[in-house]
Amino acid sequence: NYFSSDFWKSYRILCLEIIEKLKNETGYFGEWAIQRYPTIRLQFPKNVSVFEFHRDSNYSHPIGEINCFYAINNCSNSSALQVEKNLGFEDYVPLNLNPGEYALLNTSIYKHGDLLNETNKTRISMDLRFIPNSKLTSENISLSKGIGFNTNSYFIKEEEMKGLKN
């Protein structure tokens, strides 16, 4: 059972910590939605983990969604996610992170992607997405997964996650 796994317990704790940080940083203290199942990404040497530079909104992700890019192992230079520094300028900089570090990004509007991994190490990272419930609409359907960006499919309500302790 996913909700009794050690991974779920750790994921739940991390998500709830990030929600508190987001509330303090954004000043929005209402109800949030959290990505139900994180996206695990592998970027093998001489490869990329996503096939193009893009904005998540190109794939119907809702505007206002915050992506937490979490480094499971070292992410540096060509093995790091490349993120647009200035909106619309396509001036990419590597998101260099050590294991256990994360960055909160608005990847629904900032373009991002991968360079060819020129290191001899596989990058392992995890995406966790968050959005205020008030920003969710019934119109957004994931182009890659074919499910709705709502709290019945892609997201889980913050209060529901708090209640799933085991």
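The values are calculated or read from the model by the stated rules, or taken from the named source; none is laboratory data. Source: prediction; values computed, not measured. Counting neighbours? That spans all protein chains shown, and the Cβs are built from the backbone with ideal geometry, glycine included. With ligands, DNA and RNA removed, areas are computed over all heavy atoms of the protein, side chains included. Shrake-Rupley method; radii C 1.70, N 1.55, O 1.52, S 1.80 Å.
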Mind checking whether some residue in the stretch 15-25 is buried (at least 17 other Cβ atoms within 10 Å of the Cβ), in contact with a Phe, Trp or Tyr (Cβ under 7 Å, 6 or more places away or on another chain) and either modelled with pLDDT under 95 or more than 27 Å from ILE147 (Cβ to Cβ) (or both)?
no
The residue that is nearest to SER78 (Cα to Cα), considering only those in the stretch 115-166 that are outside any loop (DSSP other than H, G, I, E, B) and aliphatic (A, V, I, L, M), is ILE124
Per the list (1) touching a Leu at 6+ places or on another chain (Cβ under 6 Å); (2) surrounded by fewer than 13 Cβ atoms within 10 Å (Cβ to Cβ), residue check on SER5 breaks on (1)
Checked against (1) within 13 Å of the chain's Cα centre (by Cα); (2) on the phi < 0 side of the Ramachandran plot, GLY64 satisfies every condition except (2)
Residue in the stretch 56-79 that is open to solvent by less than 50 Å² (accessible area, probe 1.4 Å), without any contact (Cβ under 8 Å) to a residue 12 or more places away in the chain and farther than 30 Å from ASN152 by Cβ present: no
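Being out of contact with any Leu (no Cβ under 6 Å at 6 or more places or on another chain), among the aromatic types (Phe, Trp, Tyr) and modelled with pLDDT under 95, is that true of even one residue in the stretch 68-79?
no
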Taking the stretch 26-38 and the residues there that are buried (at least 17 other Cβ atoms within 10 Å of the Cβ) and outside any loop (DSSP other than H, G, I, E, B), the one that is farthest from the chain's Cα centre (by Cα) would be TRP32
Per the filter on the stretch 87-132, residues open to solvent by less than 70 Å² (accessible area, probe 1.4 Å), without any contact (Cβ under 8 Å) to a residue 40 or more places away in the chain and over 13 Å from the mean Cα position of the chain (by Cα) are GLY88, ASP91, TYR92, VAL93, PRO94, LEU95, LEU97, GLY100
Note to self: Among the residues of the stretch 39-59, are any within 12 Å of the chain's Cα centre (by Cα) and part of a loop (DSSP other than H, G, I, E, B)?
What the structure shows: no
